[in-house]
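The values are calculated or read from the model by the stated rules, or taken from the named source; none is laboratory data. Only a predicted model underlies this, so the values are computations on that prediction, with no experimental measurement involved. Backbone-built Cβ (ideal geometry, glycine too); neighbour counts: all protein chains shown. Only protein heavy atoms, including side chains, enter the accessible area calculation; ligands, DNA and RNA are left aside. Shrake-Rupley method; radii C 1.70, N 1.55, O 1.52, S 1.80 Å.
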Amino acid sequence: MALEMRVLQQDEWDVWFDHLELAFGGVAEPPEGRELLRTLTEPGRSLGTWDGETCVGSASAFSFRLSVPGAALVPTAAVTFVGVAPTHRRRGILTSLMRRQLDDFRAAGEPLAVLTASDPAIYGRFGYGTATYSLSLEIDTTRVRLAVPPGTDEVRLRLADPEKSLPDCERVYAELVSRRPGAPARRPGWERMTITDPPGERGGASPLKCLVAERADGEVIGYARYRVKPDWTPSGSDGTVQVEALDALDPAATAALWRYLFSIDLTWTVRAAKRPVDDPLLHLVSDVRRSKPTVRDSLHLRLVDLAAALEARTYGAPADVVIEVEDAFCPWNEGRWRLVVDAEGAARCTRTAEPADLELSVRELGSAYLGGITLTSLAAAGLVRELRPGALTEASRAFAGDVAPWLPHGF
């Protein structure tokens with residue numbers, strides 16, 4: 001029987017999602033999480049490949065607005081729910097799903113597509129480049145101390161119900177989005193993902209807790225969501241604080257929240273994942289080595305409409321470069337483009353027949369787009385080729401950002 005790709009119908013969601021669970025190993029999503037994902041799924045943006053009545057391939061997208069350098073929020077397709085059944089690999093199903101998605105994103109006028117990769121080796125061939133990294137820490141609080149800035153003692157902390165405090169925490173998050181390229185503006189309903197707390201997924205840790213930081217007038221200026229995992233050894237307590245999220249509007253609130261987490265009774269380790277690679281905590285701790293920092297890839301980004309994407313962000317320095325782009329999967333992006341950046345950082349990107357100053361693929365352009373990975377570093381790996389002396393430095397300075405881009409949560 002021939003395979004059929006089609007847009008998901010609402011009454012097919014359970015079969016479609018059952019396929020996805022199988023593709024990712026067969027572990028069932030907890031009922032609470034499954035129901036939330038059902039409500040967040042956009043059926044019109046979800047594809048299924050069917051072999052008769054059996055779903056054997058899936059891909060979907062969420063409609064996001066992504067923060068880019070200069071604080072603009074750019075319409076972005078957030079690719080998710082991608083999977084192929086083990087029985088149907090090597091038949092071109094994934095390629096056909098990626099092809100259909102990118103055509104649809106272009107027709108919808110979305111300049112960018114992003115994803116988080118279960119296997120980062122897969123998506124480069126479809127033009128996705130690693131654009132952000134995330135930091136994980138495992139801090140030995142028996143040996144690591146914090147040096148806090150002035151004003152930390154003036155921040156008031158209180159424990160709050162995660163549900164009741166959600167509106168205040170979301171206001172903090174929304175204010176921070178424009179400060180950090182790579183952060184998605186959360187659409188209604190997405191805030192529920194931050195506090196979903198299935199008991200079966202706690203791994204022996206406590207229910208989710210929320211700590212809020214306030215000014216003297218009661219204004220919430222930060223929050224931390226965390227769990228405590230108790231443990232005991234023959235020599236005594238050996239508990240761990242698992243930090244799920246920490247966001248704050250100023251240095252004092254940031255330090256106050258971390259200081260609290262470092263001092264919870266009966267715990268001697270703080271674990272935090274999915275932090276920005278330039279997290280201020282790295283400058284507060286007394287010993288970075290005993291904080292065990294590790295880095296991994298996070299957000300992968302693709303330029304769907306190259307000119308629109310490059311014009312949507314702000315740049316850090318003037319530039320006038322002609323870039324020759326290779327993009328076999330989306331040939332409308334392929335060719336030479338002249339990028340002109342003025343003194344204010346605004347850009348104009350147009351097709352040109354002028355000689356190229358730089359050569360690169362759309363993957364490298366996606367990696368550099370949010371400002372966290374320099375074109376110079378990509379050139380050192382042989383992935384960007386300079387054809388006009390000085391063009392590489394000129395373009396790299398323009399693309400580079402002041403802060404590391406960061407994806408604060410998955411999708």
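The selection criterion, being at pLDDT 95 or above, open to solvent by 20 Å² or more (accessible area, probe 1.4 Å) and under 22 Å from PHE399 (Cβ atoms), does not hold for THR95.
Please determine, by comparing only the residues of the range 299-350 that are in contact (Cβ under 8 Å) with a residue 40 or more places away in the chain, of a type in the set (D, E, K, R) and in a loop (DSSP other than H, G, I, E, B), which one is surrounded by the most Cβ atoms within 10 Å (Cβ to Cβ). Among residues in the range 299-350 that are in contact (Cβ under 8 Å) with a residue 40 or more places away in the chain, of a type in the set (D, E, K, R) and in a loop (DSSP other than H, G, I, E, B), the one surrounded by the most Cβ atoms within 10 Å (Cβ to Cβ) is ARG313. Residues of the range 99-154 that are surrounded by fewer than 19 Cβ atoms within 10 Å (Cβ to Cβ) and closer than 22 Å to GLU334 by Cα: ARG99, ARG100, ASP103, ASP104, ARG106, ALA107, ALA108, GLY109, ILE122, GLY124, ARG125.
Residue-wise test of (1) of a type in the set (A, V, I, L, M, F, W, C); (2) in contact with a Lys or Arg (Cβ under 6 Å, 6 or more places away or on another chain); (3) touching a residue at least 24 places away in the same chain (Cβ under 8 Å); (4) surrounded by fewer than 21 Cβ atoms within 10 Å (Cβ to Cβ).
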site: PRO230; (1), (2), (3), (4): no, no, yes, yes
site: ASP238; (1), (2), (3), (4): no, no, yes, yes
site: GLN242; (1), (2), (3), (4): no, yes, yes, no
site: LEU246; (1), (2), (3), (4): yes, no, yes, no
site: THR254; (1), (2), (3), (4): no, no, yes, no
site: LEU257; (1), (2), (3), (4): yes, no, yes, no
site: PHE262; (1), (2), (3), (4): yes, no, yes, yes
site: TRP268; (1), (2), (3), (4): yes, no, yes, yes
site: ASP297; (1), (2), (3), (4): no, no, yes, yes
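When restricted to residues that are of a type in the set (Gly, Ala, Ser) and buried (at least 19 other Cβ atoms within 10 Å of the Cβ), the range 165-187 contains 3.
Picking from residues in the range 20-79 that are of a type in the set (Val, Ile, Thr) and open to solvent by 60 Å² or more (accessible area, probe 1.4 Å), the one that is farthest from PRO199 (Cα to Cα) is THR54. Does ALA185 count as within 22 Å of ARG38 (Cα to Cα) and among the hydrophobic types (A, V, I, L, M, F, W, C)? So ALA185 passes the test.
Looking across the range 270-295, just one residue is open to solvent by less than 30 Å² (accessible area, probe 1.4 Å) and of a type in the set (Lys, Arg), and that is ARG275. The requirement of being surrounded by fewer than 21 Cβ atoms within 10 Å (Cβ to Cβ), among the hydroxyl-bearing types (Ser, Thr, Tyr) and out of contact with any Phe, Trp or Tyr (no Cβ under 9 Å at 6 or more places or on another chain) is fulfilled somewhere in the range 372-382, by at least one residue.
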